[in-house]
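Here's the structure, in structure tokens; my notes come after.
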2 protein chains.
Amino acid sequence: MATSDATAVIGITIRDVAREAGVSTATVSRALRGLPNVDPVTREHVKRVADRLDYVISPAASRLASGRAGSIAVITPFLARWYFSKVLHGVERILQRSDLDLLLYSTGDPSEVHRVPPHRRLRRRVDAVLVIGLPVDSPDLQELFELDLPVTLIGAHSAGVSSVSIDDVEGGRMATQHLVNLGHERIGLISGRPLPTPFFPENDRLSGYQQALSASGLVVDQQLQVPGFFTIEGGEHAMTAQLAQPKPPTAVFAMSDEMAFGALRALRRHGLQPGRDVSIVGFDGHEMADLLDLTTVCQPAEDLGALAARCLLDLLDDPSIEPQAKRLPTQLYVRGSTAIRGAAHPVSLPRHGNDAKP
Amino acid sequence: MATSDATAVIGITIRDVAREAGVSTATVSRALRGLPNVDPVTREHVKRVADRLDYVISPAASRLASGRAGSIAVITPFLARWYFSKVLHGVERILQRSDLDLLLYSTGDPSEVHRVPPHRRLRRRVDAVLVIGLPVDSPDLQELFELDLPVTLIGAHSAGVSSVSIDDVEGGRMATQHLVNLGHERIGLISGRPLPTPFFPENDRLSGYQQALSASGLVVDQQLQVPGFFTIEGGEHAMTAQLAQPKPPTAVFAMSDEMAFGALRALRRHGLQPGRDVSIVGFDGHEMADLLDLTTVCQPAEDLGALAARCLLDLLDDPSIEPQAKRLPTQLYVRGSTAIRGAAHPVSLPRHGNDAKP
DNA sequence: TTGTACGCGTTATCAC
DNA sequence: GTGATAACGCGTACAA
């Protein structure tokens, strides 16, 4: 293998730095890592030498010796969907500043057959795990917990595990209450997967929906709850199904903006106008919502990721921290896709986004 | 530190497996990694024992001993934009099957001040690098090349470097020619950054645009080329600027779908109807394009990522492979946002997507 | 085909 | 504050 000569082809080692600086490797290690018990002068000197030699620590060696993996895993079912890419962005932004590597694992849809169970790939490989939007009853997740690694959940919560999410109940309630306030009485729901699916965030949104209806004395009609699978097409089909009902809803709450977009298209296909004929509320705060004049419950996806990453770093710093479930607020953005029931001209309400100007 | 007892708390080591299987650590290593010169019976036995003991190789130790980093870096300026998230998805899908870790690095917009220069973080840390959509003249990229790692570029090309991309010239040409064919003579362009910016993919799209115009004897009017910065809002501003010209274009080619979406909104704001009043062509094949009835040049972003990942794995397998620039085809999807110039009723052409049904 | 033994580059534990 | 030095767990010549 490579010799340990000062000018070895492969790379400068800590020994080269030590020799050049006239100190021991132990001192170099301490100096470079900012550990205490190093003379400031020595430290500066060592740093300078290391810099001059263009020395870079070997992660492998460091990890082997220290027992730390030096990286954290981010597990997500999707990469190219609004929520997940936003969250990932937030996570990356924070982790970039740490000295931990971000290992990316995409599981694909949890309901699909997955390729390699994450927990087998993760063993001995990461110091902590960040999980985005996986249902808490997922077997993968359970096996993950058994790895005994610090874990932070994003967009889900589980007892004894640190998590960051929004209040999905409140979000669902807010969206539905808005429709109730506009005078709607038959309010449909476009859910994600077919309900009931335990432990999914969508369940909380469903609860909010039901709460708002019940609180207003409206009936919760199972016929009015159609799954849209969180895709545009799914949303379109769901809306079409809603319209085909004997007594179609006058308003619909879609659990994601992308499904709401599909719903908007379904309306157009039927010659119906959003707001005037049927009101639609989405969920997410997708950039496109503004464009399509869609009322929606905005969630700070990127902030969720950033906050979760910070939590995990803190947890790594001090494992004694009690896991807690943090929540970030959502906000209803009212746009043209919702209006007073039966109003010939959509009524003006306080609005948001670029459309806000009168 | 941890003892090397068979039942050490920290983990099973190769020695434990060797002892339990009654062979040497060398044999275990060879057997588990599928190296030749191992008796099939021995190999099976060792595998079984390793499995029973739930043995997992220590990546750190393996990497230190072998000199391989066991991971590849994926560098991207954005995570939450259509093209980049799609490409990343393709990359991840392939890398998942390999035994290499995917290290994610987001640089932010290359024109911004960046945080930590990638090349410093990458040293000794990865075996290869996958770069998404960074301009070839980016200083970061140059320093990356000097790391002497196998590199594959996605959405860009550079002499002597393996790359995967589409033919942007052809794409731009196709979009523009389509508008020419519809009888348009004043054809505007919504570019990315202000032109000319050397070495950006957008330059090729610009070339295609110019070629198509020139080939048809149309003038290339600088006034008709407005930057839209690849965002919805940018596209809206750009379109608004186009409309404010003394002689506005009757058709516009936007270099990305998201900018085209903005352009559509600008039209709507002006009471104009896409297709009838002004034709718009986008670029990407965004899911939303179908929804908004936008004609667009589709590019197989996910395939680009997958192919690039495979290339890089091949290159890692056999470093003697000559770097080559692979290209994937694009395809024009005609929808309602483009129509014959001046036609009162948008003319019917072969169309695509859900709208295709007569 | 298999085993022995050394080295990979760093960290951490001691003495000093 | 600093220096020796023994791990860390695995890969791999080389010998057998």
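Kindly indicate which of A:SER279, A:SER320 is away from chain B (no Cβ under 14 Å) and part of a strand (DSSP E or B).
Criteria check complete, one pass: A:SER279.
Tally time: how many residues in the stretch B:47-73 are small (Gly, Ala, Ser) and part of a helix (DSSP H, G or I)?
Summing the residues that are small (Gly, Ala, Ser) and part of a helix (DSSP H, G or I) in the stretch B:47-73 gives 6.
Suppose we filter A:LEU149, A:LEU213 for residues that are over 19 Å from A:PRO248 (Cβ atoms) and either touching a residue at least 24 places away in the same chain (Cβ under 8 Å) or in a strand (DSSP E or B) (or both); which single one remains?
Values: A:LEU213 fails: over 19 Å from A:PRO248 (Cβ atoms).
After ruling out the rest, the residue left standing is A:LEU149.
Has the stretch B:2-15 got any residue that is surrounded by fewer than 19 Cβ atoms within 10 Å (Cβ to Cβ), more than 16 Å from DNA strand C (Cβ to nearest atom), within 21 Å of B:VAL151 (Cβ to Cβ) and acidic (Asp, Glu)?
no
Between A:LEU102, A:LEU189, A:LEU179, A:LEU141, which is buried (at least 22 other Cβ atoms within 10 Å of the Cβ) and at pLDDT below 90?
Every option except A:LEU141 fails the conditions.
Does the stretch B:74-86 hold any residues that are outside any loop (DSSP other than H, G, I, E, B) and more than 9 Å from every other protein chain (Cβ to nearest Cβ), and which are they?
Within the stretch B:74-86, B:ILE75, B:THR76, B:TYR83 qualify.
Looking at the structure I just gave you, is B:SER165 polar (S, T, N, Q), surrounded by fewer than 24 Cβ atoms within 10 Å (Cβ to Cβ) and touching a residue at least 60 places away in the same chain (Cβ under 8 Å)?
Details: polar (S, T, N, Q): yes; surrounded by fewer than 24 Cβ atoms within 10 Å (Cβ to Cβ): yes; touching a residue at least 60 places away in the same chain (Cβ under 8 Å): yes.
Answer is yes for this residue.
State whether the residues of the stretch A:50-57 include one that is among the charged types (D, E, K, R) and within 12 Å of DNA strand D (Cβ to nearest atom).
no
Every residue in the stretch A:165-190 that is in contact with a Gly (Cβ under 8 Å, 6 or more places away or on another chain) and in a strand (DSSP E or B), please.
So the first thing to find is which residues in the stretch A:165-190 are in contact with a Gly (Cβ under 8 Å, 6 or more places away or on another chain), and the list is A:165-166, A:168-176, A:183, A:190.
Selection gives A:SER165, A:ILE166, A:ILE190.
The values are calculated or read from the model by the stated rules, or taken from the named source; none is laboratory data. None of these values were measured; they are calculated from a predicted model. Note: ideal-geometry Cβ built from the backbone for every residue, glycine included; neighbour counts use all protein chains shown.
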